[in-house]
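*Asks:* Questions regarding the structure given below will be posed in turn.
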Amino acid sequence: MSKKLYAVILADVMASGGRKRLRLTLHNVLRDATAAHRRRKLILLPYAVTAGDEFQTITDNLEQIPWLLLDLRSRLQPISLRIGVGIGDVSGRVAAPVNEMDGPAFRAARQALDGLKSRRKAAALTAFRSANTEFDQTANLIYSLHDTLVRKMTGKQWETVAARIEHDNLQDTAQALRLDASTVSRNLKRGYYGQLVAAAFGMEQLIGERWR
């Protein structure tokens, strides 16, 4: 019988040395992210801040990982993140705090993140690592293109994308931002919202085909 698969999300704050009160900011933002993501069953355990500028969580909802990552990046703005995703099993019981757990999924996430750190000039901000090399190559290709766009986005564009994620349609998004719908539509287009969503749908399908 195959073991249950999990994904460990391990994130690192880029250029953390220049940010004041970073740990407090992370705790506050990740507290809200934990509440929202657990309510939507995107994660199993609360986010845990570990080595000052790193934090992690775990999920068994693999197909929703692309949406989790997109929402997480939008919530953390203007903080930029490198994110390693490790897929595999875990050792022992899944229980908080997540940073005291271990197993192949945790080691894979660390390898994925360390690989990103070693390629500082590369466009990619996201990396997947699993036991399936073909999946990893495809997923990492998708995110290398995805992250090229993410690096170009402005704070205002992220604000619009974040609002659109929170609302069901363009009209509600415009009302929340107190802008007309045409302005919001234009800002979303300039913020590559269509491409980000297309990449998330593509990754959701890829994960479902491989890991369902």
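The values are calculated or read from the model by the stated rules, or taken from the named source; none is laboratory data. What you see is a predicted model, and the numbers here were worked out from it, not measured in a lab. For neighbour counting, all protein chains shown are included, and Cβ atoms are generated from backbone atoms with ideal geometry for every residue, glycine included.
*Asks:* Filter the range 105-120 down to the residues that are without any contact (Cβ under 8 Å) to a residue 12 or more places away in the chain and not small (G, A, S) and list them by number.
*Replies:* R119, R120 - these are the residues of the range 105-120 that are without any contact (Cβ under 8 Å) to a residue 12 or more places away in the chain and not small (G, A, S).
*Asks:* Looking for whichever is aromatic (F, W, Y), surrounded by fewer than 19 Cβ atoms within 10 Å (Cβ to Cβ) and over 12 Å from R82 (Cα atoms) here; the options are F106, F135. Which one fits?
*Replies:* Values: F106 fails: surrounded by fewer than 19 Cβ atoms within 10 Å (Cβ to Cβ).
Selected residue: F135, the only one of F106, F135 that is aromatic (F, W, Y), surrounded by fewer than 19 Cβ atoms within 10 Å (Cβ to Cβ) and over 12 Å from R82 (Cα atoms).
*Asks:* Is the range 115-127 home to any residue that is outside any helix (DSSP H, G or I), within 14 Å of the chain's Cα centre (by Cα) and over 14 Å from P66 (Cβ atoms)? Explain how you work it out, then say what you get.
*Replies:* From the range 115-127, those outside any helix (DSSP H, G or I) are 119-127; that's our starting set.
Imposing the further condition that a residue be within 14 Å of the chain's Cα centre (by Cα) reduces the set to 124-127.
Next, from what is left, pick out any that are over 14 Å from P66 (Cβ atoms): 124.
Within the range 115-127, one or more residues are outside any helix (DSSP H, G or I), within 14 Å of the chain's Cα centre (by Cα) and over 14 Å from P66 (Cβ atoms).
*Asks:* Moving on. Only one residue in E209, E204 is more than 20 Å from L10 (Cβ to Cβ) and loosely packed, with under 15 Cβ neighbours inside 10 Å, so which one is that? Spell out the reasoning first.
*Replies:* Details: E204 fails: loosely packed, with under 15 Cβ neighbours inside 10 Å.
Selected residue: E209, the only one of E209, E204 that is more than 20 Å from L10 (Cβ to Cβ) and loosely packed, with under 15 Cβ neighbours inside 10 Å.
*Asks:* Also: Quick one: in the range 47-58, which of the residues that are surrounded by 20 or more Cβ atoms within 10 Å (Cβ to Cβ) and of a type in the set (S, T, N, Q) is nearest to L10 (Cα to Cα)?
*Replies:* Among residues in the range 47-58 that are surrounded by 20 or more Cβ atoms within 10 Å (Cβ to Cβ) and of a type in the set (S, T, N, Q), the one nearest to L10 (Cα to Cα) is Q56.
*Asks:* Return yes when L24 is at pLDDT 95 or above and of a type in the set (A, V, I, L, M, F, W, C) and no when it is not. Quick ask: steps written out before the conclusion?
*Replies:* Values: at pLDDT 95 or above: no; of a type in the set (A, V, I, L, M, F, W, C): yes.
No; evaluated as a whole, the condition is false for this residue.
*Asks:* For A176, are the conditions met, namely being within 20 Å of the chain's Cα centre (by Cα), among the small types (G, A, S) and at negative phi? Steps first, answer last, please.
*Replies:* On the way: within 20 Å of the chain's Cα centre (by Cα): no; among the small types (G, A, S): yes; at negative phi: yes.
Here the answer is no, as A176 does not meet what is asked.
*Asks:* If you don't mind, another one. Any chance you could count how many residues in the range 70-103 are among the hydrophobic types (A, V, I, L, M, F, W, C), buried (at least 17 other Cβ atoms within 10 Å of the Cβ) and out of contact with any strand residue (DSSP E or B) (no Cβ under 6 Å at 6 or more places or on another chain)?
*Replies:* Final tally of qualifying residues: 4.
*Asks:* Do the conditions hold for F128, that is, is it surrounded by 21 or more Cβ atoms within 10 Å (Cβ to Cβ) and touching a residue at least 12 places away in the same chain (Cβ under 8 Å)? So that I can check it myself, show each step before the final result.
*Replies:* Values: surrounded by 21 or more Cβ atoms within 10 Å (Cβ to Cβ): yes; touching a residue at least 12 places away in the same chain (Cβ under 8 Å): yes.
Judged against the criteria, F128 is a match.
*Asks:* Do you know which of the residues in the range 144-158 that are surrounded by 15 or more Cβ atoms within 10 Å (Cβ to Cβ) and touching a residue at least 60 places away in the same chain (Cβ under 8 Å) is farthest from L116 (Cα to Cα)?
*Replies:* Here the residue is W158.
*Asks:* Okay, next question. Which fully enclosed helices (runs of 4 or more DSSP H) of the range 139-202 have 3 or more residues being within 26 Å of L62 (Cβ to Cβ)? Let's see the steps before the verdict.
*Replies:* Details: elements: 155-166, 170-177, 181-190.
Hits in the range 139-202: 155-166.
*Asks:* Identify, please: which residue in the range 1-21 is farther than 14 Å from A109 by Cβ and touching a strand residue (DSSP E or B) at 6+ places or on another chain (Cβ under 8 Å) and is, among those, modelled with the lowest pLDDT? Walk me through how you get there before you give the answer.
*Replies:* Residues of the range 1-21 farther than 14 Å from A109 by Cβ: 1-4, 13-21.
Checking which are touching a strand residue (DSSP E or B) at 6+ places or on another chain (Cβ under 8 Å) leaves us with 13-14, 19.
Values: V13: 92, M14: 88, R19: 69.
Restricting to residues being farther than 14 Å from A109 by Cβ and touching a strand residue (DSSP E or B) at 6+ places or on another chain (Cβ under 8 Å), the top hit is R19.
*Asks:* Provide a single number: the residues in the range 59-69 that are without any contact (Cβ under 8 Å) to a residue 60 or more places away in the chain and surrounded by 19 or more Cβ atoms within 10 Å (Cβ to Cβ). Full working, then the answer.
*Replies:* Taking the range 59-69 as the starting set, the residues that turn out to be without any contact (Cβ under 8 Å) to a residue 60 or more places away in the chain are 59-61, 68.
Applying the additional criterion that residues be surrounded by 19 or more Cβ atoms within 10 Å (Cβ to Cβ) yields 59, 68.
Of the residues in the range 59-69, 2 are without any contact (Cβ under 8 Å) to a residue 60 or more places away in the chain and surrounded by 19 or more Cβ atoms within 10 Å (Cβ to Cβ).
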